[in-house]
Amino acid sequence: MELITKAPKGTVDIIPGESEKWSLVEAVMTDEAELNGFSEIRTPVFEHTELFLRSVGDTTDVVEKQMYTFEDKGGRSITLRPEGTAGAVRAMLENGLYNGGYPVKLYYKTSCYRYEKPQAGRLRELHQFGVEMFGTAEPAADAQVIAMAMSIFNRLGLADDIEVSINSIGCPTCRAEYRKALRTYLEGYKDQLCETCNSRLERNPMRILDCKSPVCGEIAKGAPKITDYLCDDCRAHFEKVQMLLKSIDIPFSIDPGLVRGLDYYTRTVFEFPSKRFGFALGGGGRYDGLVEEVGGKPTPALGFGLGLDRILMAMNEMGADFGNDSKCEVYIASLGEAAQMKAFQLTEKMHSCGIAADCDLCARGLKAQMKYADKIGAQYSIVLGDDEIANGEAVLKNMKTGEKKKISLNDDFVDTYITAVTEQEDAMPITF
């Protein structure tokens, strides 16, 4: 039975108590995206494998080692999405979203799948919040998405832990010159590079800069810097991005070794490393050639992905205040069959008025009901018995302060409840 009662390796359940935190974080991200004019898109969990081969790059770790690819019953090669951008590009083109005018701004909350070695902050089913912007080549767009991500981190209380690392990896023209210089340098270390990096030396030497091997990483530190090979246009673009970030007081550092792990990136790339945890909580950049690669017209584009799993882990370990996660405002306890019926009716009446209420559904005794009300964090309680039903009124108790107040059980029940709660809240002393 162990196999069917244990989640697959590299996956986690998001259970009550944690799911509320996820919802809060996602709400902040959604709000920030919509403040910046982005609209939500939802794409399939799987796509044709060719989409990822053409977009992500066949020399990346994602394609070479990590994709969940299978053949469906129709003989088609299908892959669970390893990242969100390619699907968003495909959906933008297929649905003609560009007909509404540029820039097209999209955001999504999605799950991605990569066969990796599970460890802290790295799962096989990972969750991302991402944004994509199509149709603008302006440096201001780069600065806006970076600023939006930092605003999210600020609202989540993570800004002091987050750094902004940026780089430019140029366009195909200037990158061609850089690859020649990089290949020449790396040829001298051919006997020290790992097997994977040796296979990349001719096809795509820039991928070696992203290798996780300590030996290859040390070799990469002495490699030529892409910023020394930028063409005039790419250099001007990168300088403008820096100027814009400085103008809105976003500190950043330039990391010449930052290339990101996917082949579709061009020009500006960026990451948000955590000073405390030693890994990035997200990153992104430009991918000005990807729309054309997927089958559309040449269209500049950019975006980012934030790792929800890592962000929640960081917030939990840093003791973030997620507020009151109680789902119950008032619990209506009951003694006897008639009271149980009345409690059920009043609970449903409160639901129809948007009040989070609950009552006994397990035929518990009164003591057990009150213990349960306390366990679920009910803010108020009402106890109903024969006398309360006969008199048409009951006592509302503040579970935290113990304060009590009588309320009606008749047609004006909800009104008198709201009045009683409001009076109690207004009477609470203000503390500083």
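The values are calculated or read from the model by the stated rules, or taken from the named source; none is laboratory data. Keep in mind that this is a model prediction, so the values were computed, not measured. Heads up, the Cβs are rebuilt from the backbone with ideal geometry, glycines too, and the neighbour counts pull from every protein chain shown. When the accessible area is computed, the model is the full protein with side chains, heavy atoms only, and any ligands, DNA or RNA have been set aside. Shrake-Rupley method; radii C 1.70, N 1.55, O 1.52, S 1.80 Å.
Out of 159, 120, one residue alone is surrounded by fewer than 16 Cβ atoms within 10 Å (Cβ to Cβ), in contact with a helix residue (DSSP H, G or I) (Cβ under 6 Å, 6 or more places away or on another chain) and not basic (Lys, Arg). It is 159. Taken together, the criteria place residue 288 among residues that are open to solvent by 20 Å² or more (accessible area, probe 1.4 Å), touching a strand residue (DSSP E or B) at 6+ places or on another chain (Cβ under 8 Å) and not small (Gly, Ala, Ser).
Every test in (1) surrounded by fewer than 18 Cβ atoms within 10 Å (Cβ to Cβ); (2) out of contact with any Gly (no Cβ under 9 Å at 6 or more places or on another chain) is passed by residue 44 save one, and that test is (2).
In the stretch 174-188, the residues that are among the aromatic types (Phe, Trp, Tyr) form Cβ pairs under 8 Å with partners that are open to solvent by less than 60 Å² (accessible area, probe 1.4 Å) and not in a helix (DSSP H, G or I), at six or more places apart or across chains, as follows: 178/170; 178/224; 185/222; 185/223; 185/224. Would you check if residue 90 is open to solvent by 40 Å² or more (accessible area, probe 1.4 Å), under 16 Å from residue 290 (Cβ atoms), modelled with pLDDT of 90 or more and not in a loop (DSSP other than H, G, I, E, B)? Against the criterion (open to solvent by 40 Å² or more (accessible area, probe 1.4 Å), under 16 Å from residue 290 (Cβ atoms), modelled with pLDDT of 90 or more and not in a loop (DSSP other than H, G, I, E, B)), residue 90 qualifies.
Check 363, 368 and return the single one that is among the aliphatic types (A, V, I, L, M), modelled with pLDDT of 95 or more and closer than 30 Å to residue 17 by Cβ. Full working, then the answer.
Details: 363 fails: modelled with pLDDT of 95 or more.
Of 363, 368, the one residue that is among the aliphatic types (A, V, I, L, M), modelled with pLDDT of 95 or more and closer than 30 Å to residue 17 by Cβ is 368.
The criterion of at least 2 residues that are open to solvent by 80 Å² or more (accessible area, probe 1.4 Å) and over 30 Å from residue 158 (Cα atoms) is met, among strands (runs of 3 or more DSSP E) falling completely within the stretch 313-432, by 404-408.
Residue 193 falls short on exactly one of the conditions (1) in a helix (DSSP H, G or I); (2) open to solvent by less than 20 Å² (accessible area, probe 1.4 Å), and that condition is (1). Within the stretch 221-235, the presence of a residue that is aromatic (Phe, Trp, Tyr), touching a helix residue (DSSP H, G or I) at 6+ places or on another chain (Cβ under 8 Å), assigned to a helix (DSSP H, G or I) and within 27 Å of residue 145 (Cβ to Cβ) is excluded. The set of residues from the stretch 59-109 being more than 17 Å from residue 287 (Cβ to Cβ) and within 16 Å of the chain's Cα centre (by Cα) comprises just one member, 109.
Among the residues of the stretch 210-217, are any part of a helix (DSSP H, G or I) and either under 19 Å from residue 265 (Cα atoms) or over 34 Å from the mean Cα position of the chain (by Cα) (or both)? Steps first, answer last, please.
Taking the stretch 210-217 and keeping what is part of a helix (DSSP H, G or I), we get 210, 214-217.
Those still in the list that are either under 19 Å from residue 265 (Cα atoms) or over 34 Å from the mean Cα position of the chain (by Cα) (or both) too: 210.
Within the stretch 210-217, one or more residues are part of a helix (DSSP H, G or I) and either under 19 Å from residue 265 (Cα atoms) or over 34 Å from the mean Cα position of the chain (by Cα) (or both).
Scanning the stretch 172-190 for residues that are open to solvent by 30 Å² or more (accessible area, probe 1.4 Å) and either β-branched (Val, Ile, Thr) or in contact with a strand residue (DSSP E or B) (Cβ under 9 Å, 6 or more places away or on another chain) (or both) turns up 172, 173, 184.
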